[in-house]
Structures are given as C-alpha cells and as structure tokens.
Amino acid sequence: MTAYLEQIFIGLSMAAVLLLVALGLTFTYGQMGVINMAHGELIMVGAYTPYVFQHHLGAGAGTSIVVSLVVGFLAAGALGLAMERLLLHRLVTRPLDTLLVTFGISLILQQAARDVFGAPNVEVSTPSWLAGNWDWFGFAMPHRRLFIMALVLIVVSGLSVFLARHREGRRMRAVTQNRDLAAVSGLATRRIDATTFFVGAGLAGVAGVAVSLVGAIGSQIGSAYIVDAFLVVIVGGLGKMRGAVIAALMLGMLGSFAQWWTSASIGKAIVFTLVIVFLQFRPNGLVSFRSRGLVA
C-alpha cells in the first residue's frame, strides 16, 4: 500500500511540474496557433533567475526564490512579448513558419545562456524552509515538491479568476474561441495576442523558477520539458485550461506507474504510445470548443 501511495505522490508531483510548464503554451498555442519551440528557453530564463540572485547579487536562498517568481514572470514575459511584436505577429496564419522561427530563437537563446553562464549545469540553493521531507504513511514527501504543488494551485486559481472576471481575460477567451468573430466585434486582436504572449511567456518563467528547485539547470533545461508540454496541450485541447489540468494529471500518473512497472525509457515509450492511440479517437483533445453550424 505504501508503495502505491508513493507512486501516486510521484505522479501528482510530475503532473504539477507538467502543468506549470504547459500552462503558458496552452494559451499561446491555443489562441494564436504559434508552435513556439522557444517556450523551453523561456523556462530557462526563469530557471536562471534565482541563480542570478543567489550567485551574482548575493541574495539569500529564501529571498531569491520568492523574488524570482515575480522577476522570472516579468523577464520571460518581456522576452516573449518582444518575440511576438518583432516576429511572430506576422506569422499567425503560418504555423510552420512559426515553428522554424522559434526554433532558431531557441538555439540563439541557448547559445547566449552558454556564453553568459557557461556550458556546465549549475545548482540553485534550496531555502531552509523547503529542505527536508514530510513523512506521511511511511513515505517521505519532499517539501520542494509540495511547494510546487501549492504554487500550481495558486497559479491555476489566479488564472481562472483572471479569465472569468477580468476584462482582458474575457477578451483572450473570445479570441481563442473565434478570432474572426472577435475581430469583427471590435476587439483589437493584435493587442490581445500581445497580452496573451506576455502572460504565456511569463508563466513559463514561473515554471522555470519551480524547475530550478528539483535539479540542476543549464542551457538545455527547456529541451527536457518542451515535448511533454506540447503533449499536455494537445491531449488537453487547444486553449482549454481545464483540459490541460486533466491531461497533466493523466500523463503524470501514467508516467509514474509506467516507469515504476518497467523502466524510465520504456515507461516514456508507453506514455507516448497511449497518447497516439488516444488521439486517433479524440483528435481535438479531452476538451474542445463547442460550435454551432448550419445543417443542410
């Protein structure tokens, strides 16, 4: 029983990381159709933020993590906004071009990180209040993982309120559901795209700060998460946060138990196989937009 509870906790912690990484991509890909291969490098920007505070600005471990959540959001959001304004807004209707452009941007950002921070991976110091474990039913739950779970709950709750109550959030939902109808209704879709990209990129920065707590960081850290992030978005349904939450939970649990029963590599292959089979029956994902059409 303890072994199964431990795998459930591992699955939940994996799902929390996946969801935090994929949330920003859910909005940018779902609303604009931009295949942002540089999303991983936006995560990298957030991951390096606490490292800069700790090793270059002399901030304490606890202070650096808290401040980095805000600074990482703003830094990654500003970088994403610059990408959208300078390059991507001209390519909204050409998704394959966005793939090539953002892939080039990702290579540039990776090389820039190597030039600034060096090629070897670096470590971010864990605050004392996140060190240690919480023992429950005979197995240990790391405080770092529990912190990431709590962070995900806060982020998802905040986004839900923003999309439901705030004017900009409702506009983002309108453009995601029907861009043409939103445009003829008077909404400034280009400005809303910029807002969406800023929020989506900023969420990637927050994810990077969280990821820095669970392992070493380096210029390739984003590459380890970008494929899983796209899986969450596609399985969940484009632009649907509820679908992303469900998909992250499913993939996290599947990954945890599949790797437990087999091995890391075989477990990964099993998850990919199940996703491929699932998409044969639900190509639009778990949650898709409802639309009305004329019946001939």
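The values are calculated or read from the model by the stated rules, or taken from the named source; none is laboratory data. Quick caveat, the model's predicted, so the values are computed rather than measured. Cβ coordinates were reconstructed from backbone atoms using ideal geometry, including for glycine residues, and neighbour counts include every protein chain displayed.
The sole residue among 140, 112 that is over 21 Å from residue 22 (Cβ atoms) and at pLDDT 90 or above is 112.
Out of all the residues in region 102-131, which are β-branched (Val, Ile, Thr) and more than 17 Å from residue 209 (Cβ to Cβ)?
102, 105, 108, 116
Could you go through region 78-87 and let me know if any residue there is crowded, with 19+ Cβ neighbours inside 10 Å and without any contact (Cβ under 8 Å) to a residue 24 or more places away in the chain. Looking through region 78-87, none of the residues is crowded, with 19+ Cβ neighbours inside 10 Å and without any contact (Cβ under 8 Å) to a residue 24 or more places away in the chain.
Note on region 95-130: residues that are under 22 Å from residue 33 (Cβ atoms) and of a type in the set (Ser, Thr, Tyr) total 3. Considering every residue within region 15-25, establish whether at least one is crowded, with 19+ Cβ neighbours inside 10 Å, within 21 Å of residue 157 (Cα to Cα), small (Gly, Ala, Ser) and touching a Pro at 6+ places or on another chain (Cβ under 8 Å). Among the residues of region 15-25, not one is crowded, with 19+ Cβ neighbours inside 10 Å, within 21 Å of residue 157 (Cα to Cα), small (Gly, Ala, Ser) and touching a Pro at 6+ places or on another chain (Cβ under 8 Å), which makes the answer no. Taken together, the residues in region 210-225 that are crowded, with 21+ Cβ neighbours inside 10 Å and part of a helix (DSSP H, G or I) amount to 3. Can you spot a residue in region 43-52 that is of a type in the set (Phe, Trp, Tyr) and out of contact with any strand residue (DSSP E or B) (no Cβ under 8 Å at 6 or more places or on another chain)? There is no residue in region 43-52 that is of a type in the set (Phe, Trp, Tyr) and out of contact with any strand residue (DSSP E or B) (no Cβ under 8 Å at 6 or more places or on another chain). If you scan region 46-83, which residues turn out to be hydrophobic (A, V, I, L, M, F, W, C) and assigned to a loop (DSSP other than H, G, I, E, B)? 57, 59, listed by residue number.
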